[in-house]
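The values are calculated or read from the model by the stated rules, or taken from the named source; none is laboratory data. Model, not experiment: these values are computed from the prediction. Every residue, glycine as well, gets a Cβ built from its backbone with ideal geometry; the counts of neighbours run over all protein chains shown. The accessibility values were calculated without ligands, DNA or RNA, using every heavy atom of the protein model including side chains. Shrake-Rupley method; radii C 1.70, N 1.55, O 1.52, S 1.80 Å.
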Amino acid sequence: MTTDLLYHEMFTKHVMSPGHPERPERLISAMKHIQETGLLEESKVKLIEATPANLDLVHSIHEKQYIDMVKAKSDAGGGYFTMDTAVNKYTYDAAMLAAGAGTLAMDRIIEGVSKNAYVLCRPPGHHAEYDRAFGFCFINNVAIAAKHLIQRHGIQRVLIVDYDAHHGNGTQNAFYANNQVLYIGLHQDGRTLFPGSGFPDEIGSGEGRGYNVNLAMYPGAGDKSYDIAFSEIVEKIGESFSPEFVLVSCGFDGHFSDPLTVLGLTTSGMAMMNSRLNSMAKKLCEGKIAFFLEGGYDLDIVGKCSRNIIEELSDTDTTSYNDIHSESENCTQHTKELIDRLKDSLNDVHF
Ligand SMILES: [Zn+2]
């Protein structure tokens, strides 16, 4: 079986403003690096053109009135939602195709047509809330994919791991009181970065208590901290949850060269996470995994990390790069203390 690469030309037509960091060139760089692998010609990876999402499904995650407003602003040629989140005439179509790319990927994996997928899309989705566009996001692609798995395919347990440098507030809120979706976010501490949420005490409510896990990383945290976080939290809780499907919100803005954040990951650190998530899916749910592009604003890093995901998913030898960065002792210590606190508060559910 092949790995699917979900894409659509429309993803590059959505532009928010001149010089905006969330720009079409991100996808062009990713596609260039993926093409260099030759995996598309070898048919180990199949390029799949996205189709628009089902509107009823979109309305199960977002308020209808809000979605109508995204369409109305796009139809009018453009408009702002926040200072840094704006639409042009293509945004509604691109956002519907990005969400649809995710559900198409789910269908193909569940039906056994493909083994896994990378949804290489814009606009991203993890900041989009029920009734508002936020942080360059309009429709929450990963939340819609999770909902689709539950509603359409009868899946009971979906694990979402979000390692974008920013907290996935929209995804967290979509399933905060739900125990069918376990959200684990690894992001830069919200006291130091947009959107200012994602703290360790946000652990879910009602039936969802314990099914929302936030690793708020100390500024500067890099490969070592993420390695410990994976060993002590992501893999242990993931195993205890026993997911039937793994969804990953991948953002490459945790790289030390990213212009918007101050985390310290390297391309090897990103590759380590991609590899361990893929291994987890193989071990726990017959390899059913899909990666969804969220952020990442260093074009070269978006390209290299996208290449890594495609190589990883298609079981090809991965290319490594020699970007080196190490974190301070202080960061590592902070991560260990954070993990201890999380283990205490989630003890009755997962440990
Ligand atoms: Zn981000």
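Based on this model, can you work out whether ASN308 counts as on the phi < 0 side of the Ramachandran plot, at pLDDT 95 or above and out of contact with any strand residue (DSSP E or B) (no Cβ under 8 Å at 6 or more places or on another chain)? Spelling it out, ASN308 is indeed on the phi < 0 side of the Ramachandran plot, at pLDDT 95 or above and out of contact with any strand residue (DSSP E or B) (no Cβ under 8 Å at 6 or more places or on another chain). Which number in (1) open to solvent by 20 Å² or more (accessible area, probe 1.4 Å); (2) within 30 Å of THR261 (Cα to Cα); (3) aliphatic (A, V, I, L, M) marks the one condition that LEU47 misses? Of (1) open to solvent by 20 Å² or more (accessible area, probe 1.4 Å); (2) within 30 Å of THR261 (Cα to Cα); (3) aliphatic (A, V, I, L, M), only one is false for LEU47: (2). Number of residues in region 292-319 that are open to solvent by 10 Å² or more (accessible area, probe 1.4 Å), of a type in the set (A, V, I, L, M, F, W, C) and away from the ligand (no atom under 16 Å from the Cβ): the value is 0.
Is it the case that region 154-171 has a residue that's surrounded by fewer than 24 Cβ atoms within 10 Å (Cβ to Cβ) and not in a loop (DSSP other than H, G, I, E, B)?
The first filter runs over region 154-171 and keeps only residues surrounded by fewer than 24 Cβ atoms within 10 Å (Cβ to Cβ), leaving 154-157.
Next, only the ones that are not in a loop (DSSP other than H, G, I, E, B) stay: none.
Scanning region 154-171, I find no residue that is surrounded by fewer than 24 Cβ atoms within 10 Å (Cβ to Cβ) and not in a loop (DSSP other than H, G, I, E, B), so the answer is no.
Counting only residues that are more than 15 Å from the ligand (Cβ to nearest atom) and either more than 19 Å from ASN179 (Cβ to Cβ) or open to solvent by 10 Å² or more (accessible area, probe 1.4 Å) (or both), region 227-261 holds 13 of them. Taking the criterion of being of a type outside the set (A, V, I, L, M) and open to solvent by less than 50 Å² (accessible area, probe 1.4 Å), the residues of region 320-342 that qualify are ASP323, GLU327, CYS331, THR332, HIS334, THR335. Only a single item in (1) touching an Asp or Glu at 6+ places or on another chain (Cβ under 6 Å); (2) open to solvent by less than 10 Å² (accessible area, probe 1.4 Å); (3) not aliphatic (A, V, I, L, M) is not met by TYR130, and it is number (2). For region 173-186, the set of residues classified as in contact (Cβ under 8 Å) with a residue 40 or more places away in the chain and open to solvent by 10 Å² or more (accessible area, probe 1.4 Å) consists of ASN173, ALA174, listed by residue number.
Need at least 1 residues that are under 20 Å from the mean Cα position of the chain (by Cα) per element, so show me which helices (runs of 4 or more DSSP H) inside region 250-351 make the cut, counting only ones lying wholly within it.
Values: elements: 267-285, 299-313, 329-350.
Hits in region 250-351: 267-285, 299-313.
Per the conditions (1) out of contact with any helix residue (DSSP H, G or I) (no Cβ under 9 Å at 6 or more places or on another chain); (2) open to solvent by less than 20 Å² (accessible area, probe 1.4 Å); (3) closer than 30 Å to THR2 by Cα, the sole criterion not satisfied by GLU42 is (2).
Residue-level analysis places SER225 among those that are assigned to a helix (DSSP H, G or I), of a type in the set (Gly, Ala, Ser) and in contact with a Cys (Cβ under 8 Å, 6 or more places away or on another chain). Does region 159-172 contain any residue that is without any contact (Cβ under 8 Å) to a residue 12 or more places away in the chain and more than 14 Å from the ligand (Cβ to nearest atom)? Taking every residue of region 159-172 in turn, none turns out to be without any contact (Cβ under 8 Å) to a residue 12 or more places away in the chain and more than 14 Å from the ligand (Cβ to nearest atom).
The selection criterion, being touching a Gly at 6+ places or on another chain (Cβ under 8 Å) and open to solvent by 10 Å² or more (accessible area, probe 1.4 Å), does not hold for SER279.
Taken over region 262-273, the criterion of being within 13 Å of CYS305 (Cα to Cα) and within 15 Å of the ligand (Cβ to nearest atom) is satisfied by LEU265, MET270, MET273.
Just one of (1) part of a helix (DSSP H, G or I); (2) polar (S, T, N, Q); (3) open to solvent by 10 Å² or more (accessible area, probe 1.4 Å); (4) in contact with a Phe, Trp or Tyr (Cβ under 7 Å, 6 or more places away or on another chain) fails for GLN151. It is (4).
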